[in-house]
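Below is one structure, written out as structure tokens; comments come after it.
A short reminder: the numbers here are calculations on the coordinates, not readings from a lab. Worth saying up front: this structure is predicted, and the values here are computed from it rather than measured. Here Cβ is always computed from backbone atoms with ideal geometry, including for glycine, and neighbour counts include all displayed protein chains.
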């Protein structure tokens, strides 16, 4: 599990994302920052479930992980539109999410064979 790049990339995303969202203004920290963090953490949990759970349920878990990643993308775009993330921060984090999405898509293709 730890050798797979998706796990290390997602861990890197979390270690960047959690401190960044804790710096949101107070009025956004307890709503939007919490949703961003929970979506990212839920995604990581679903990856672990897919790797360690029964192979028969893997495709369903990966599909749920894909939904969690889509939610995270939406929350990040909203953060950028509300100017909670700078354009540079948004480029950085969205690049990380795109790369993770590619890795997830590859895992889904391999798992569906």
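Couple of notes before you dig in:
- Cα centroid separation, region 41-70 to region 82-113 (Å): 15
- Subtracting the Cα-Cα distance of residue 41 and residue 94 from their residue separation scaled by 0.36 nm leaves 17.5 nm.
- Residue 63 paired with residue 34, simple spin-label distance in nm, labels 7 Å along Cα-to-beta-carbon: 3.0
- Linear extension gain, residue 23 paired with residue 51, 0.36 nm per residue minus alpha-carbon span: 6.8 nm
- Full-stretch length increase - residue 73, residue 86 - with 0.36 nm per residue and alpha-carbon distance subtracted: 3.1 nm
- Each of residue 14 and residue 108 was given a label point 7 Å from its Cα along the Cα-to-Cβ line. The distance between the two points is 2.1 nm.
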